[in-house]
Amino acid sequence: MDKKTIGIGMLGGWQNHAKRFAQLILSNGKLEGDNFRHWKAAAYDDCNIIAAWDSDESRGRELAKVSGCPFEPDLDAFLANPEIDAVIVCSPTVDHADHIIRAANAGKHVFVEKAPFATVEGAYLAREAVRRNGVHFMVSSPMDKPRNRFALQLAKDGKLGDITEARFRLSNEGILEQKELTGIYNKEENGGGAMLDFGQHGVHLTSWFLGRPTRCSAHFDYISDLAKKHEVEDNVVATYEFENGGIGVVETGWVAPGHECILDVCGTKGTVHVIGDDVTYFEDGTKDVHDTITYALGGNWISVKEDQLPEKLHYPLRHWIESILHDTPDDRQNIDEAVLWTEMIAAAYRAAESGEVIL
């Protein structure tokens, strides 16, 4: 790309992360918070937010205000704007495929909030549009933090031996705090429940270590009153068997207060255990946010210090901008990975509904 500055359009404010992306750009990368401690600092002075769109006018105008740009009520006009080179898609998940296809056909690069797609059919059509139009595509998935990449490097170096299991758990109490189901908890807009949303992180990491699955089984629970009423799964376990014989386990839900994000990778020679974003609360109300990483290679457990972790990468949004400016390969959370994750998620839904193993 021969432009030194790229124009960005905010395509939807349904997912509340849209505001964080806009604020990160407007603050020139100085937005603080626990989420950003995992990433290399970077400026955003080579991109500008040009306009915002949303199917809901009030939501769109709020997004435009936060983004410091005008609101464009017409999607066709928004995508036809020659000043917009790329879009950040945070519309309802069920609309992602359509919006990504339309953006790609308009020659706009795409950064999309997870879940990237609600259906495999939409994922396949979007992949074709992205490839045909040669646009850069990236999913906002924060799983390639140093702690997880440390575990991956152990596996790649053969130190764990043949990988027999990758298990990931991420839960929170989100649905217990809802008076009514809106946003990601609304199945009509999100396309599913906890498996479609938080389960994305699990399929991302299990496929990282084990590749492409061949079979899936799943059990969905409906614990909260809202989940039972609206048939939205809020407590999930999905298991995958992979081509090499290894097993992936994805545990997720919205009914577990005080959760921890846990990754365990087991092999014939060793095991690595990662507790990420572990938060310790003290009696005076302060907190310490940290990671706990240990591994064992046939002997005692070894604790990993922060200075032993891989170098921090750029935040996904920054990496996507770099790929556009320098026309570098889409090597993180790209369209092929997005399609694979969607296939894995869809298999879990079919398995839970049928009570059978899905090939």
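General remarks:
- Subset of the range 90-101 [over 16 Å from Glu121 (Cβ atoms) and surrounded by fewer than 24 Cβ atoms within 10 Å (Cβ to Cβ)]: Pro92
- Any hit, the range 198-209, residues being in a helix (DSSP H, G or I), open to solvent by 30 Å² or more (accessible area, probe 1.4 Å) and in contact (Cβ under 8 Å) with a residue 12 or more places away in the chain: yes
- Looking across the range 327-359, the residues that are at pLDDT below 95 and in a helix (DSSP H, G or I) come down to Glu353, Ser354.
- Check on Ala151, at pLDDT below 95, open to solvent by less than 10 Å² (accessible area, probe 1.4 Å), touching a strand residue (DSSP E or B) at 6+ places or on another chain (Cβ under 8 Å) and outside any loop (DSSP other than H, G, I, E, B): yes
- Residues of the range 210-219 satisfying the condition of being open to solvent by 10 Å² or more (accessible area, probe 1.4 Å) and either in contact with a Lys or Arg (Cβ under 9 Å, 6 or more places away or on another chain) or assigned to a helix (DSSP H, G or I) (or both): Leu210, Ala218
- Restricting the range 334-359 to residues that are open to solvent by 20 Å² or more (accessible area, probe 1.4 Å), out of contact with any strand residue (DSSP E or B) (no Cβ under 7 Å at 6 or more places or on another chain) and hydrophobic (A, V, I, L, M, F, W, C), the residue that is farthest from Arg127 (Cα to Cα): Ala346
- Among residues of the range 155-185, those that are touching a residue at least 12 places away in the same chain (Cβ under 8 Å), surrounded by fewer than 23 Cβ atoms within 10 Å (Cβ to Cβ) and within 23 Å of the chain's Cα centre (by Cα), counted: 12
- Qualifying residue in the range 311-319 (condition: part of a helix (DSSP H, G or I), more than 20 Å from Val274 (Cβ to Cβ), among the basic types (Lys, Arg) and touching a helix residue (DSSP H, G or I) at 6+ places or on another chain (Cβ under 9 Å)): yes
- Some residue of the range 186-205 being in contact with a Leu (Cβ under 9 Å, 6 or more places away or on another chain), under 17 Å from Leu340 (Cβ atoms) and either of a type in the set (D, E, K, R) or modelled with pLDDT under 95 (or both): no
- Among the numbered conditions (1) in contact (Cβ under 8 Å) with a residue 12 or more places away in the chain; (2) hydrophobic (A, V, I, L, M, F, W, C); (3) within 26 Å of Ala22 (Cα to Cα); (4) not in a strand (DSSP E or B), the only one that Ala77 does not meet is (1).
The values are calculated or read from the model by the stated rules, or taken from the named source; none is laboratory data. Given the structure is predicted, the values throughout are model-derived calculations rather than measurements. Methodologically, a virtual Cβ is constructed for each residue, glycine included, from the backbone with ideal geometry; neighbour enumeration extends over all protein chains shown. In case anyone asks, the SASA skips ligands and DNA or RNA and just uses the protein heavy atoms, side chains included. Shrake-Rupley method; radii C 1.70, N 1.55, O 1.52, S 1.80 Å.
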